[in-house]
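Everything below concerns the one structure shown next.
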Amino acid sequence: KELPTVLLIHQINRHEGAWTILPLMRDFSVNYGRNSSWIFFCEEDTRIQVVKLLETLRRFDKSKEWFLGKALYDEESTIIHHYAFAENPTVFKFPDFAAGWALSIPLINKLAKKLKSEPLKSDFTIDLKHEIALYIWQKGEGPHLTPVPEFCTEDVNSYKIDHCATTFSNFLPLCGEPVNKEDVFVAVKTCRKFHGDRIPVVKQTWEREAALIEYYSDYTDISIPTIDLGIPNTDRGHCGKTFAILERFLNHTSPRTPWLVVVDDDTLISIFRLRKLLSCYDPNEPVFLGERYGYGLGTGGYSYITGGGGMVFSRIAVQKLLASKCRCYSMDAPDDMVLGMCFSGLGIPITHSPLFHQARPMDYPKDYLSHQIPVSFHKHWNIDPVKVYFTWLAPNTEESHNGKNVGYNREDL
C-alpha cells in the first residue's frame, strides 16, 4: 500500500480553531473523501506501527460509519464535562487522543454535511476529546465510540505492547538542560480571605521549588509576605490584577529573568517539572503556554490559556502584550480570556500542553492520567491538597515532608 498522508494540524493555519478538529471535517471530506478509507488522529508523541494499524482498521467495514479509539470514561460526573451523564457517567465513552482514534470516511462525510447545514453552536471548547465524542454521538443518533484494544498508551518499552498498533512515550518532554531556578519568576494571585487557608498549602508544598516568588493580594500581610497591588479583589474575573502583575514583572524584576508563571493560590504546581518542560521553548520568542481552551471557535473566536492550571509567559510575550493597546474591558473581566483575545489579535499563538490541569486529579479518568507526568492541578474542593501534591507533583513520589517519609497511593485519590 502507499504510505499514509500525514497532516500536521498546526500547519492548517487558516482556521484559528483547527485544533478543535471538527471545523476541518469539510476539508477532510473534500480532499480525502474519494480516495481514502480512514482519517486517523494522534498526538505528537504517539508512536504508530503502520502495518499493525492497517491490519486493525481492516477488521472494520470501511463503508460504514465508524468512530474507533481507546475508550475513556468518567468514574464520577465532573465539572469539566458540565456534569454530563450525572446518573451514570461511566456509560459514555470518549477517546484517549494519545492512543490515536479513527473516523471512517462515511462518518467524515456525514459530519461535514451536518456542519455545513448546522454550524457549531458551542461557545466554549474545554475538553476536546469529550466534546467531539458528544458531537459524533448526536444524542444517541450517531455512532458510539467503539473501543479498539490495539490503540494503546503503553510505553514503547512495556512488555504489553505486542498487540499494540500504537504506543505512547510516557515521559516529560526534555529538550536540553532544565532551565535554571532563577530563570522562572512565580506570581501567586491571592486575596485576604484566603491568606489563612490557601497560602499555608503553597508553603507546605511547592513554594520551596521556586527561587523567585511573590504573593499578590488586596492586603499587605508581612507574615507571608503579600504585596498589595492596589487592585480590589473581585469575585468574577481578575483581569485588573493580572495586568498589574504583568506590569510589575516587566518593570520590577531582572530583565535577565526570561519566564513568568502566574498561578492561583489554589493551584498545585511542580516548578521542578516546569523547568524541564521549558527547555523545549525559546525564551527569545513570544511564548504563552498552559492548558488551552477555546471560545467561539466555530464563529471566528479565539483560543486562550485557562488560568487555574497556571499561565506561563516569556518576557518577550509580556513586552509585546503591554506594548499593544489591548487591555481589560473591565477590572473583573476574566483575565485568561482577555489575554487569549489580546494574543490572538497580536498573532501570537497559544501553546498547549496537556500536562497543565484546570481541575483536580479525580476529575480526570485514571487511565488518562496514567500516561502523564503532570505539571499542575487546580482547586482544593473535597481533597487534601497537600496529599495531592505529594502524590502527583512532588519531584519524587516518596517525598520527605516535615522529617517524615510520605508516600501516597494514587488509587486513594
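The values are calculated or read from the model by the stated rules, or taken from the named source; none is laboratory data. Worth saying up front: this structure is predicted, and the values here are computed from it rather than measured. Cβ sites come from the backbone with ideal geometry, for glycine too, and all protein chains shown count toward neighbours. With ligands, DNA and RNA removed, areas are computed over all heavy atoms of the protein, side chains included. Shrake-Rupley method; radii C 1.70, N 1.55, O 1.52, S 1.80 Å.
Points to keep in mind about this one:
- Residue match in region 336-358 (condition: farther than 30 Å from Lys387 by Cβ, touching a Lys or Arg at 6+ places or on another chain (Cβ under 9 Å) and assigned to a loop (DSSP other than H, G, I, E, B)): yes
- When region 202-220 is limited to residues that are over 19 Å from Arg192 (Cα atoms) and open to solvent by less than 10 Å² (accessible area, probe 1.4 Å), the one that is nearest to the chain's Cα centre (by Cα) turns out to be Trp206.
- When Tyr408 is tested against (1) touching a Lys or Arg at 6+ places or on another chain (Cβ under 6 Å); (2) modelled with pLDDT of 95 or more, just one condition goes unmet, and that condition is (2).
- Of all residues making up region 12-28, the number that are more than 19 Å from Asp96 (Cα to Cα), assigned to a helix (DSSP H, G or I) and open to solvent by less than 30 Å² (accessible area, probe 1.4 Å): 3
- Across region 323-335, not a single residue is classified as free of Cβ contacts under 8 Å to residues at least 40 places away in the same chain, within 24 Å of the chain's Cα centre (by Cα) and open to solvent by 30 Å² or more (accessible area, probe 1.4 Å).
- Residue count for region 202-233, restricted to those that are under 26 Å from Asp332 (Cα atoms) and touching a Pro at 6+ places or on another chain (Cβ under 8 Å): 2.
- Test: residue in region 146-153 that is under 30 Å from His380 (Cβ atoms), assigned to a loop (DSSP other than H, G, I, E, B), modelled with pLDDT of 95 or more and open to solvent by less than 50 Å² (accessible area, probe 1.4 Å): yes
- Just one of (1) within 21 Å of Pro365 (Cα to Cα); (2) touching a strand residue (DSSP E or B) at 6+ places or on another chain (Cβ under 9 Å) fails for Asp123. It is (1).
- Of the candidates Asn157, Asn170, the single residue that is touching a residue at least 12 places away in the same chain (Cβ under 8 Å), in a loop (DSSP other than H, G, I, E, B) and open to solvent by 50 Å² or more (accessible area, probe 1.4 Å) is Asn170.
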